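We did not get these values from a lab; they are worked out from the coordinates using the rules stated. Quantities reported herein were computed from a predicted structural model and do not represent experimental measurements. All Cβ positions, even for glycine, are placed from backbone atoms using ideal geometry, and neighbour counts span all protein chains on display.
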Amino acid sequence: MDEKGPLDIGEDEGARLLTAAVDLVVRHAKDVAGGPVAPPETGTAWLRDWLAGQDFETAGRPEHTLREVMAALRRWGVHTTHPRYFGLFNPTPTWWGVAGELLAAGVNPQLAAYSHAPAAVEMERHVLRFMAARLGLPATTEGSFTVGGAEANLTAVIVALTRRFPSYPGTGTYGLPRRPVFYASAESHLAWLKIAHMTGIGREAVRLVPVDAAHRMDTGRLREMVEADRAADRDPFLLAATAGTTAGGAVDPLPELAGLAAEWGLHFHVDAAWAGAIALSDSLRPLLAGVERADSVTVDAHKWMSAPMGAGMLLTPHGTALAESFRATTSYMPAETDGAPDPYATSVQWSRRFAGLKVFLALAMAGRPAYAAQIERDVRLGELLARRLQEEGWRRVNDTVLPVVCVAAPEAEAGGAESSAAWHDAVADEVVRGGQAWISTVRLAGRPAIRLCLTSHRTRVEDVEAVVSALGDARKRNPVGYA
Ligand SMILES: Cc1ncc(COP(=O)(O)O)c(C=O)c1O
């Protein structure tokens, strides 16, 4: 058994493979802007045939296989790294972030137990504390990297339940005298429903509070709902504000909500999955005022911080509740080191990859001011996009400083919500099928609109002009009332 194991291809061949992969990724980055953002639907027959040939019984030719995989990814998928992807917060990753992924995969530290990977755990904690400080949270803030915003929000609900109901860790919802309920705005990210399902409190525990004209949680309605729930013997335990709603970028009134949560004894969570990145900019950070009073905060580095997926962050000043929420001891896990928290016992995951490295490297290599400048630039491009669309006769239907622009065509709105939705869907679909840009449709408080969000740090003024013109062309080709 002295000879190499069958999977050990050696460093030289490994280097050739990685070089080939790097070449393909760099070529993709160079070429992607010249092609369609969403390649036209060509059927998946080729893809299925190719996969049928992959029976894994024979060894493939490495470079050939890499090229085939890349070709499939390029042909069947929306290119979120395209500068004209005006999409769902999926960023073009920075090169620092991509390098971080490579190092994390190659060294493959196991971050479950602190003692297995002190360097990696400390680098993650360093980033988490940096973000906490930028958000104005206490210096004692703890947290963890998550796969994304949904896992971070799940963590927040578990911590909130654990803080509020001492019996929850032992007997779950079974031991509770009243039904727990929590509040988020009707424009919040609806992973809340899945989270309520997973935590055993049930989807009906999520109270979706109507929004005001600017799509922010209506605090008057919130008060009525909390009072009605209390009168009906339900037990409010959490108020989840959103800073940067998914559809329209609204920021709930955080200072007022922080005050109400304190008055009612609720855990105050701020879901800043996307807009939390503005904490890196001194000029934009005041938009998040109130977040410093949060009991927990979600920020996704894989959204506006341009980290490759998945990199969410959950921050909380309640380290004790975090440890109580996820406590676990086993004989086979390495012993705790000097009181340093073991990530497996303070978070949802057990085995844990080094998700924070890509964020650490990007911040260390670019520096916070570069991030601030990028985010401020995106905001200016968003303003330009909104202005240009309004000049072309589109009606803006969201109200935010953040670079997400929702517009509707007045002539389509005149016919009522259902025909307006169908028209906006058709126009957005035509732009996407034309390959010039990726945009989507939403309903903002029920009102159909086209949504365009700046998500790529490669987007320039010419890309903004291109999407405005593509939308104008699609609008002309779809006159309202023409059947
Ligand atoms: C405000 C908000 N919260 C949570 C999420 C969920 O994040 P993820 O998809 O990373 O789990 C999103 C996703 O877009 C979001 O916009």
Would you please classify the overall shape of the range 414-455 from the alpha carbon gyration tensor, given that a ≥ b ≥ c denote the square roots of the eigenvalues, rounded means a/c under 1.5, and beyond that prolate means a/b larger than b/c while oblate covers the rest?
oblate
Dimensions of the chain along principal axes (Cα, Å, largest first)?
76, 60, 44
Between the range 401-419 and the range 104-151, what is the C-alpha centre distance in whole Å?
41 Å
³J(HN,Hα), Karplus 6.51/-1.76/1.60, whole Hz, each residue of the range 52-66, x for Gly, Pro
4, x, 8, 8, 6, 8, 10, 6, x, 7, x, 5, 5, 5, 4
State the antiparallel share, in %, of DSSP beta bridges confined to the range 102-366, rounding to the nearest 5.
40 percent
Here FRET efficiency (C-beta to C-beta, ARG223 to ASP399, R₀ 25 Å, nearest 0.05) is 0.65
Which of the lysines could a cross-linker span from LYS358 if the Cα-Cα distance has to be under 20 Å and same-chain partners fewer than 8 positions apart are dropped?
LYS303
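Identify the GluC sites (Glu not before Pro) of the range 5-85 meeting these criteria: DSSP loop state and at most 12 other C-beta atoms within 10 Å of the C-beta. Can you show the working numbers first?
Values: sites: GLU11, GLU13, GLU41, GLU57, GLU63, GLU68; in loops: GLU41, GLU57.
Filter output for the range 5-85: GLU41, GLU57.
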If each part is reduced to its alpha-carbon centroid, the range 263-341 and the range 181-206 end up apart, in Å, by 19 Å
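Count neighbours as other Cβ atoms within 10 Å of each site's Cβ, and list the GluC sites (Glu not before Pro) in the range 375-483 that are DSSP loop with at most 16 such neighbours.
GLU392
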Out of residues 5 or more away from VAL211 or on other chains, whose amide H comes under 5 Å of its own, with H placed 1.01 Å from N in the peptide plane?
ALA186, ASP218
So if I average 1/r over every pair of distinct C-alpha atoms in the range 363-449 and take the inverse, what Kirkwood radius in Å does that give?
14.5 Å
Just for the chain, what percent of DSSP beta bridges are antiparallel, to the closest 5?
55 percent
Alpha carbon convex hull of the range 150-272, volume per residue in cubic angstrom:
90 Å³
Run the numbers for GLU122 and GLN390: contour at 0.36 nm per residue of separation, minus the present Cα-Cα distance, in nm.
91.7 nm
Chymotrypsin sites (Phe, Trp or Tyr not before Pro) within the range 326-413, DSSP loop, no more than 11 other Cβ atoms inside 10 Å:
TYR332
What FRET efficiency comes out for the pair VAL480/VAL26, r = Cβ-Cβ distance, R0 = 45 Å, nearest 0.05?
0.50
Shape of the range 287-329, Cα gyration tensor, a/c cut at 1.5:
oblate
Karplus-derived 3J(HN,Hα) from phi for the range 373-385 (6.51 cos²θ - 1.76 cosθ + 1.60, θ = phi - 60°), whole Hz, x at Gly and Pro, runs 5, 5, 5, 5, 5, 4, 5, 5, 5, x, 5, 4, 4
Whole-Hz ³J(HN,Hα) for each residue in the range 121-130, computed from phi via Karplus 6.51 cos²θ - 1.76 cosθ + 1.60 with θ = phi - 60°, x for glycine and proline: what do you get?
5, 5, 5, 5, 4, 4, 5, 4, 5, 4
Would you pull out the residues with amide H under 5 Å of THR146's amide H, same chain only if 5 or more places away, H placed 1.01 Å from N?
GLY312, MET313, LEU314
Prolate/oblate/rounded call for the range 102-366, Cα gyration tensor, a/c under 1.5 rounded:
oblate
Search the structure for amide H atoms under 5 Å from the amide H of TRP438, placed 1.01 Å from N in the peptide plane, and list their residues when 5 or more places away or on another chain.
TYR85, PHE86
